[in-house]
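Visitor: Handing you this structure, nothing more for now.
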Protein chains: 4
Amino acid sequence: MPSPHNIAILGASGYTGAEAIRLVKGHPQLNLTALTGHSRAGQALADTYPNFAGLGLPDLQLWEDVNWNEIDGVFACLPHGASQETIAQIKDKVDTVIDLSADFRLRDPVLYEATYGRPHAFTDLLDDAIYGLTEFARKELVGASLVACPGCYPTCSLLSLLPGVEAGLFNLSSIIIDAKSGVTGAGRKVSENLIYSEVTDGAHAYAVGAHRHAPEIDQMLEIVSSQSTKVSFTPHLLPMNRGMITTCYVQLNKDVTADRVKSAYKDRYKNEPFIQILDEVPQTRHIRGSNRCAIGLFEDRSEGRMIIIAVIDNLTKGSSGQAVQNYNVTQGWDETLGLNVLPVFP
Amino acid sequence: MPSPHNIAILGASGYTGAEAIRLVKGHPQLNLTALTGHSRAGQALADTYPNFAGLGLPDLQLWEDVNWNEIDGVFACLPHGASQETIAQIKDKVDTVIDLSADFRLRDPVLYEATYGRPHAFTDLLDDAIYGLTEFARKELVGASLVACPGCYPTCSLLSLLPGVEAGLFNLSSIIIDAKSGVTGAGRKVSENLIYSEVTDGAHAYAVGAHRHAPEIDQMLEIVSSQSTKVSFTPHLLPMNRGMITTCYVQLNKDVTADRVKSAYKDRYKNEPFIQILDEVPQTRHIRGSNRCAIGLFEDRSEGRMIIIAVIDNLTKGSSGQAVQNYNVTQGWDETLGLNVLPVFP
Amino acid sequence: MPSPHNIAILGASGYTGAEAIRLVKGHPQLNLTALTGHSRAGQALADTYPNFAGLGLPDLQLWEDVNWNEIDGVFACLPHGASQETIAQIKDKVDTVIDLSADFRLRDPVLYEATYGRPHAFTDLLDDAIYGLTEFARKELVGASLVACPGCYPTCSLLSLLPGVEAGLFNLSSIIIDAKSGVTGAGRKVSENLIYSEVTDGAHAYAVGAHRHAPEIDQMLEIVSSQSTKVSFTPHLLPMNRGMITTCYVQLNKDVTADRVKSAYKDRYKNEPFIQILDEVPQTRHIRGSNRCAIGLFEDRSEGRMIIIAVIDNLTKGSSGQAVQNYNVTQGWDETLGLNVLPVFP
Amino acid sequence: MPSPHNIAILGASGYTGAEAIRLVKGHPQLNLTALTGHSRAGQALADTYPNFAGLGLPDLQLWEDVNWNEIDGVFACLPHGASQETIAQIKDKVDTVIDLSADFRLRDPVLYEATYGRPHAFTDLLDDAIYGLTEFARKELVGASLVACPGCYPTCSLLSLLPGVEAGLFNLSSIIIDAKSGVTGAGRKVSENLIYSEVTDGAHAYAVGAHRHAPEIDQMLEIVSSQSTKVSFTPHLLPMNRGMITTCYVQLNKDVTADRVKSAYKDRYKNEPFIQILDEVPQTRHIRGSNRCAIGLFEDRSEGRMIIIAVIDNLTKGSSGQAVQNYNVTQGWDETLGLNVLPVFP
């Protein structure tokens, strides 16, 4: 075994930061060396996350105060904008940066600006960044110094769609993605529409026709298919903590059968440690807290259509779990290191 | 004011029965005269529904023991199969039967058998039954003696789709309905997959590609459009009590604009007391406990497509509320009598 | 019937304000004439409460802009401090003010200051205020111009304890109140500890040993018993919207039996329209949305002790429902006017 | 490292069985060798627990079909009654049986019969059984062949009370325990009162004055104090999956101060790996999925009283986690083996 790597987590007081802490802490090759938090610098981590009390974890500090000489790898769990600015300043001081924000996901700075409402300020870094949908990026990830982890919705959607798109089985312009997410997907944001009584015992769509994750899905579909596309993507907020479903509706190309689609998926994913093709309908609660993606493929009653349903834990496979998976791949390690956490059910 | 009608509720111990009790009890022209329940006959209603304690409501009894001479109208909240059998025996004894089961919704007995796995035993009654999607059936409802209330999913889906289909705005074969329901939609069924810990903090689709409500949606679309169709319909179970969303994806016909669609809906529904066209995305929690249907119409990023989102309370507009609304119409009364219950939020 | 009264609701954008709107809107003798909101003045009510869309309710405005000449009664749903200041300025312009804040509950300004951390600025008004625990204050309430509605915890606790304390059945120094509340009890406050993911699927006590409602409970117990007391009171926050339980532990005085206690309660409450003495254990969900208080009295396994459990909806009987009940009593009306809303279950 | 032990889990299809599987599967010294389930024998585990799909775990089988020669240790997750009968038949075939049922908790068979409504049929085994509240039973546990794991409520209550009772700080007859549990505490029982819509968004007490866990709490308090006692114990069911709170009210003996109590607890628990004494109020969600017990000690406003609040995950420290902890101790292993699972929050 090589000696463990020292890890800094930037933005440790948010939910993706917390999930990164949980996973890194249980990783046999990683030390949790530094935790940063802008507004809570100087506080004990347990003051904001009592679930981490008693573990001897470092206090929160400003990223400027981290001793970067001792850090090998970084998980950046910062808001977009803040992420690129911080990464620009520390990237040369460490070997590997895994970015969980949206800052390096879109390859086209013009599209970035149109989507996130601000120009991209570090386009040179953009060229280095690898889009880390692990199952479709392993080669490029080995040795990468900057990884852009996909958004939670794109992760779930693309794992549902790519095997069929790669194999040319679907009419690309027919794709409709109806997505549903638990509330942690919104992060630890303090706003009226996220307080308990505004969210519990009800559901609703949001950002209808215009969610920021849609261009990211298009981008990957276009790379894989060499066709231009604009998917229909509608997210919904559900009254649950963790968990995400994407229900994808696809029109099969001529002469493509449902069986052929199922075979293609089983074949494509047969050696994937975190992807399960189920005969049953997958449920979010059965993968809660794990790095799994469970997928079910179903023939529709409407001829020539299929329904592909995938579930992930938005904080794990949809965020910090995939980040750790990517870190493992960049180092040439066993991809499952630190990720054998079982789902917590019930 | 005419003298009040005496009402019997069959199957009063289920959830649609309970909601019918709540609404009938608050209705100025209806007396709650008899409540039936097969397995709990002889029990006080409050033993199974403590929320109805202290109201002086009748005990549960067998329907055979009801004094039918004093009953004017019936709300049948029975399982399919049991419903047609009971209605066949009491229909001639009362003026009006509002059936909340699936037994008289499908006009074609062959389709009924294919869908519900048993032959229809009372096809003569089927001919009398009016499909009571109130906003699209008023004329036929006046004076009707047997009303088949639509299922909750068809109610929400059809209210979303019919104005556009009537006006020929949509490509019928493009329709995809992604539906989500709270757990009361499954009724008061005691089964492992409905106990709290198997349902809370998670979500999943079910009956994918084959839900029993799909033929009912087809039937009404076909009547209105004079075209044959098979919609794509996928229901999901959400961890909440009441509430339903249908997210409908439609391809607009050539030269149809989103604005034209919005106008058509506003126009069609401008005098409807229970339908609200919103500019915002509707949320189930804001109509909880009321007979409202709130609808939002949105242009998709994918050209030529729209997303139509409707929310109802599955137990009220999706079931017992619409049943009361239908009763009002059959009698020629003000349609809103007893239905001005406001949503309970938060 | 007398002509309806015109009502202004101050602080209409909070949760007690919203519940007051729901109840006043359904009240046969009350018009909803003005709604005030400091930070949202000028907005349509439906912008902040979509559940009130389509009802033709007035927009939110500053209280300074209300035409006070046309207002008969006021429900003040403001935070403490703000409430006394506003009431001082409008009290002479209207006949009746029902205050839902803490500002006029404690009769002793020194205790008020110790409890709420600020001096009471309107002690003259304090002398006029009637503490409106309706069932124990009817005589004083008739014709009152200023009513201080009890807190939700005191309402539930005192309705549980007072019949026994009045009759001298309990050892006053033995009283322990373990209380549990749904999240709406915290109001529509936007703070990190109230966002969905920090509240759902978990529970905790708070303000242990020092909650602000404890002195209010003491005060009423002392008035009724003529003894000084300091109850033990511990509130807990539960992952639900509405609902409150108080579990009260009392030591019976010598020779007092459980049966005698039960008789005393049944006797004291036999004509109360909103209080139910149950043989079963009361559940919050069965009174959800109603003005009921359901109480169960149980002998403990530990000799000489009883456990008295009461449930209310914190927003209704614990707040705006009791406020309407008090308004009815001040006017000499039937106390149940506008309050026959049934529980919404499931 | 010694060679791993082979483990059989009896009653693997219930919730404590599932939690035992999760923990044993992650334990470095344990192999999951056999899983039994009466009504589901022959089924794949993933059919009943999809969360365990893909792990290569054994199918469910009848306990009669287990190859007992290869089993070292047993976790019995059976209902009371069934547990003693099965254990009687297999105990001699294995080295160590950890029983999670109630069958061997009460030392007095007369009390067992009075509490569980059936005579104890294996009183000889009762004499061998060690009551495994780990922190108070280590000496007896080493080498034990039969361990009776405490109930979830007794675990949480006793960890809250014993340090003070041992040190003679509390008036024993004053103890009141107000307990709250998540729904998994009821197991995977299929009954109407546990279906989602009957449990969510509400709370209630149950078994008031007479819960079966009360005698078990008495028994341990009596052993430690050499005094007879009958605690007041009232459990409540909360709308959450996992988590338990006990709020204990104690009267301090003369001249005992709150500081002295706090010191006694800190001292008693200073080396305990799973017990945390907090200054803040503990929350169940912060220990969710872990084997921790977090305790807060608070002075009451009522003089001479303290409030001791403890939280555990009822399925982990309250059940299967403590069972694994006990197994570790019986073998003389590091007590924390396999139990370093971090809480899952949010």
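The values are calculated or read from the model by the stated rules, or taken from the named source; none is laboratory data. Values in this document were obtained by computation on a predicted structure and should not be read as measured data. FYI the Cβ positions are ideal-geometry reconstructions off the backbone, even for glycines, and counts take in every protein chain you see. Note: areas computed on protein heavy atoms with side chains; ligands, DNA, RNA excluded. Shrake-Rupley method; radii C 1.70, N 1.55, O 1.52, S 1.80 Å.
Visitor: So, in the stretch C:21-42, how many residues would count as being of a type in the set (A, V, I, L, M), within 12 Å of chain B (Cβ to nearest Cβ) and touching a residue at least 60 places away in the same chain (Cβ under 8 Å)?
Guide: 2
Visitor: Of the conditions (1) under 19 Å from residue B:138 (Cα atoms); (2) assigned to a loop (DSSP other than H, G, I, E, B); (3) of a type outside the set (A, V, I, L, M), residue B:303 satisfies every one except a single condition; which number is it?
Guide: So the condition that residue B:303 fails would be (1).
Visitor: Hey, any hits in the stretch D:331-343 for a residue that's open to solvent by less than 10 Å² (accessible area, probe 1.4 Å) and among the β-branched types (Val, Ile, Thr)?
Guide: no
Visitor: Among the residues of the stretch C:263-288, what is the count of those that are crowded, with 22+ Cβ neighbours inside 10 Å and among the polar types (S, T, N, Q)?
Guide: Total satisfying the criteria: 2.
Visitor: Of the residues that sit in the stretch D:182-197 and are open to solvent by 20 Å² or more (accessible area, probe 1.4 Å) and assigned to a helix (DSSP H, G or I), which one is nearest to the other protein chains (Cβ to nearest Cβ)?
Guide: D:192
Visitor: For the stretch D:325-346, what are the residues that are within 17 Å of residue A:344 (Cα to Cα) and either away from chain C (no Cβ under 14 Å) or in a helix (DSSP H, G or I) (or both)?
Guide: D:338, D:339, D:340, D:341, D:342
Visitor: Go over the candidates B:34, B:41, B:82 one by one and state the one that is aliphatic (A, V, I, L, M) and within 30 Å of residue B:218 (Cα to Cα).
Guide: Unique residue meeting the criteria: B:82.
Visitor: With respect to the numbered conditions (1) more than 10 Å from every other protein chain (Cβ to nearest Cβ); (2) in contact (Cβ under 8 Å) with a residue 24 or more places away in the chain; (3) open to solvent by 10 Å² or more (accessible area, probe 1.4 Å), which one is the sole condition not fulfilled by residue D:237?
Guide: (1)
Visitor: What number of residues within the stretch C:206-229 are free of Cβ contacts under 8 Å to residues at least 40 places away in the same chain and within 10 Å of residue D:301 (Cβ to Cβ)?
Guide: Of the residues in the stretch C:206-229, 5 are free of Cβ contacts under 8 Å to residues at least 40 places away in the same chain and within 10 Å of residue D:301 (Cβ to Cβ).
Visitor: Okay, moving on. Of the residues that sit in the stretch C:289-308 and are facing chain D (nearest Cβ under 7 Å) and open to solvent by 20 Å² or more (accessible area, probe 1.4 Å), which one is farthest from the chain's Cα centre (by Cα)?
Guide: Selected residue: C:301.
Visitor: In the stretch A:162-171, which residue that is more than 20 Å from residue A:133 (Cα to Cα) and either open to solvent by less than 30 Å² (accessible area, probe 1.4 Å) or assigned to a strand (DSSP E or B) (or both) is nearest to the other protein chains (Cβ to nearest Cβ)?
Guide: My answer is A:170.
Visitor: Mind counting the residues in the stretch D:245-262 that are over 25 Å from residue C:299 (Cβ atoms) and either open to solvent by 10 Å² or more (accessible area, probe 1.4 Å) or facing chain C (nearest Cβ under 10 Å) (or both)?
Guide: Summing the residues that are over 25 Å from residue C:299 (Cβ atoms) and either open to solvent by 10 Å² or more (accessible area, probe 1.4 Å) or facing chain C (nearest Cβ under 10 Å) (or both) in the stretch D:245-262 gives 10.
Visitor: I need the full set of residues from the stretch A:223-234 which are more than 7 Å from every other protein chain (Cβ to nearest Cβ) and either of a type outside the set (Val, Ile, Thr) or open to solvent by less than 20 Å² (accessible area, probe 1.4 Å) (or both), in order please.
Guide: A:225, A:226, A:227, A:228, A:229, A:233 - these are the residues of the stretch A:223-234 that are more than 7 Å from every other protein chain (Cβ to nearest Cβ) and either of a type outside the set (Val, Ile, Thr) or open to solvent by less than 20 Å² (accessible area, probe 1.4 Å) (or both).
Visitor: Can you tell me which residues in the stretch B:206-222 are in contact with a Pro (Cβ under 7 Å, 6 or more places away or on another chain) and facing chain A (nearest Cβ under 9 Å)?
Guide: B:206, B:207, B:211
Visitor: All but one of (1) assigned to a loop (DSSP other than H, G, I, E, B); (2) over 29 Å from residue D:214 (Cα atoms); (3) out of contact with any Leu (no Cβ under 9 Å at 6 or more places or on another chain); (4) not aliphatic (A, V, I, L, M) hold for residue C:242; which doesn't?
Guide: (3)
Visitor: I've got another one for you. Take the residues in the stretch A:12-59 that are touching a Cys at 6+ places or on another chain (Cβ under 8 Å) and open to solvent by 10 Å² or more (accessible area, probe 1.4 Å), then tell me which one is farthest from residue A:333 (Cα to Cα).
Guide: So, considering only residues that are touching a Cys at 6+ places or on another chain (Cβ under 8 Å) and open to solvent by 10 Å² or more (accessible area, probe 1.4 Å), the one farthest from residue A:333 (Cα to Cα) is A:14.
Visitor: Further question: Tell me which residues, restricted to the stretch D:198-220, are open to solvent by less than 10 Å² (accessible area, probe 1.4 Å) and either basic (Lys, Arg) or in contact with a Gly (Cβ under 7 Å, 6 or more places away or on another chain) (or both).
Guide: The answer is D:202, D:203, D:216.
Visitor: Looking only at the stretch B:272-288, count every residue that is without any contact (Cβ under 8 Å) to a residue 40 or more places away in the chain and facing chain A (nearest Cβ under 10 Å) and tell me the total.
Guide: Result for the stretch B:272-288: 4.
Visitor: Show me the strands (runs of 3 or more DSSP E) entirely contained within the stretch C:67-161 in which 1 or more residues are modelled with pLDDT of 95 or more, open to solvent by 60 Å² or more (accessible area, probe 1.4 Å) and in contact with a helix residue (DSSP H, G or I) (Cβ under 8 Å, 6 or more places away or on another chain).
Guide: Ranges flagged: none.
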